[in-house]
Amino acid sequence: MNAADDKTIVKEYFNSTGFDRWRRIYGDGEVNKVQLDIRNGHQQTVDAVLNWLKADGNLTELSICDAGCGVGSLSIPLAAAGAKVYASDISEKMVEEAKQRASQILQHPDYLVFNVQDLEQLGGSYHTVICLDVLIHYPQDKADEMISHLCSLAQSRIILSFAPKTFGLSILKKIGSFFPGASKATRAYLHRETDVVKILEKNGFLVQRQKMIRTRFYFSRLLEATRE
Ligand SMILES: C[S@@+](CC[C@H](N)C(=O)[O-])C[C@H]1O[C@@H](n2cnc3c(N)ncnc32)[C@H](O)[C@@H]1O
């Protein structure tokens with residue numbers, strides 16, 4: 001399968017069965033045990049990013065690009081904290097849901113702009129570019145191109161998460177227990193941290209902070225890198 005196929009499949013998935021599944025996982029309604037575990041793991045990733053950004057000072061007026069924003073799990077709290085957030089996703093349905101959630105929560109909805117867009121088509125320049133749990137849908141060569149493009153949009157900092165290619169996780173994936181259930185409709189690609197760091201460095205970014213988030217069914221390596 002080539003990367004263009006991956007993108008088409010991912011887009012169709014997040015506009016159909018994937019939308020229903022992930023809208024529930026990224027919500028607060030009743031879900032099964034596996035989905036609850038993934039919800040809790042993902043929330044830890046979102047909280048880790050919010051804590052890093054808040055530890056660096058006031059978020060007011062900080063321009064942030066949230067590429068592959070999903071239903072706004074990170075964009076909405078960032079905008080609530082005063083950041084200027086440019087959120088986008090390749091799936092119309094995810095963006096529609098994100099807009100609806102934002103309108104119910106935000107007092108200043110003008111702090112958050114949504115667009116339906118492939119992250120490789122994004123333009124502009126932002127203090128911080130963030131891309132959480134998106135690279136898992138793409139093989140390493142495509143992920144490299146995506147990371148390079150995201151780096152070109154970042155004035156100062158980039159924050160990425162990916163499913164790390166470790167021995168344990170590769171085994172889990174092989175026996176099919178990685179992302180159990182209906183989400184098997186898309187492929188899950190694991191990435192070597194050394195490959196991700198190498199492409200960040202090639203684009204002039206050095207890793208400053210890192211965190212591993214791991215629950216039973218959710219694995220995410222989070223890296224923050226700043227311009228050298
Ligand atoms: C697992 S969800 C993560 C959503 C969000 N980043 C979060 O952590 O809550 C992956 C998201 O990436 C989006 N996506 C996948 N490929 C994309 C691309 N090429 N450009 C923009 N969004 C993409 C999907 O539509 C989906 O909403």
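What follows draws every value from the coordinates through simple rules; no lab data is involved. Since the structure is predicted, the reported quantities are computational estimates derived from the model, not experimental observations. Heads up, the Cβs are rebuilt from the backbone with ideal geometry, glycines too, and the neighbour counts pull from every protein chain shown.
Decide, for the chain, between rounded, prolate and oblate: order the square roots of the alpha carbon gyration tensor eigenvalues as a ≥ b ≥ c, take rounded if a/c falls under 1.5, and otherwise choose prolate if a/b is larger than b/c, else oblate.
Rounded, since a/c falls under 1.5.
To make sure I understand the rule: partners must be aspartates and glutamates, Cα under 15 Å from the Cα of LYS198, and not fewer than 8 residues away in the same chain. Which ones qualify?
ASP141, ASP144, GLU145, GLU224, GLU228
Could you name the aspartates and glutamates in cross-link range of LYS33, using Cα to Cα under 18 Å and dropping any fewer than eight places away on the same chain?
Counting by Cα, and skipping residues close in sequence, LYS33 has these aspartates and glutamates nearby: ASP20.
My understanding is that a pair violates if its Cα-Cα distance is over 18 Å; which of LYS165/LYS202; LYS7/LYS142; LYS142/LYS165; LYS93/LYS142 do that in this structure?
Beyond 18 Å: LYS165/LYS202; LYS93/LYS142.
Note down the net charge around GLN121, summing +1 for each Lys or Arg and -1 for each Asp or Glu among other residues with Cβ under 13 Å from its Cβ.
On the way: positive: LYS7, LYS11; negative: ASP89, ASP118, GLU120, GLU145.
Neighbour charge sum, excluding GLN121 itself: -2.
Which whole-Hz couplings ³J(HN,Hα) result when phi for each residue of segment 213-228 is put into the Karplus expression 6.51 cos²θ - 1.76 cosθ + 1.60, θ = phi - 60°, listed in order with x for Gly and Pro?
Result, rounded to whole Hz: 10, 9, 10, 5, 10, 10, 9, 8, 9, 10, 10, 10, 10, 10, 5, 5.
If you take the square roots of the eigenvalues of the alpha-carbon gyration tensor of segment 63-137 and sort them as a ≥ b ≥ c, do you get rounded (a/c under 1.5), prolate (a/b over b/c) or oblate?
Values: a/c = 1.74, a/b = 1.24, b/c = 1.40.
The shape class here is oblate.
Let me spell out the model: positive unit charges on the Cβ of Lys and Arg, negative unit charges on the Cβ of Asp and Glu, origin at the Cα centre of the chain. What dipole size does that give, in debye rounded to 20? Mind showing how you got there, number by number?
Working: 28 positive and 27 negative charges, 161 e Å.
Computed about the Cα centre, the dipole is about 780 debye.
Looking at the square roots a ≥ b ≥ c of the eigenvalues of the Cα gyration tensor of segment 1-78, which shape do they give, rounded for a/c under 1.5, prolate if a/b is larger than b/c, or oblate?
oblate
Quick one: which of 145-158, 84-97, 49-62 comes out on top by average Cβ neighbours within 10 Å, and what's the full order, highest first? It would help to have the intermediate numbers written out before the result.
On the way: 145-158: 19.0, 84-97: 21.9, 49-62: 14.4.
Descending mean neighbour count gives 84-97, 145-158, 49-62.
Nearest 0.05, what FRET efficiency do ALA55 and THR194 give at R0 = 35 Å with Cβ-Cβ as r?
Efficiency, from the Cβ-Cβ distance: 0.85.
For segment 130-147, in order, what is each residue's ³J(HN,Hα) by Karplus, 6.51 cos²θ - 1.76 cosθ + 1.60 with θ = phi - 60°, in whole Hz (x at glycine and Pro)?
Working through the residues one at a time gives 10, 9, 9, 6, 10, 4, 4, 7, 10, x, 4, 5, 6, 4, 4, 5, 5, 4 Hz.
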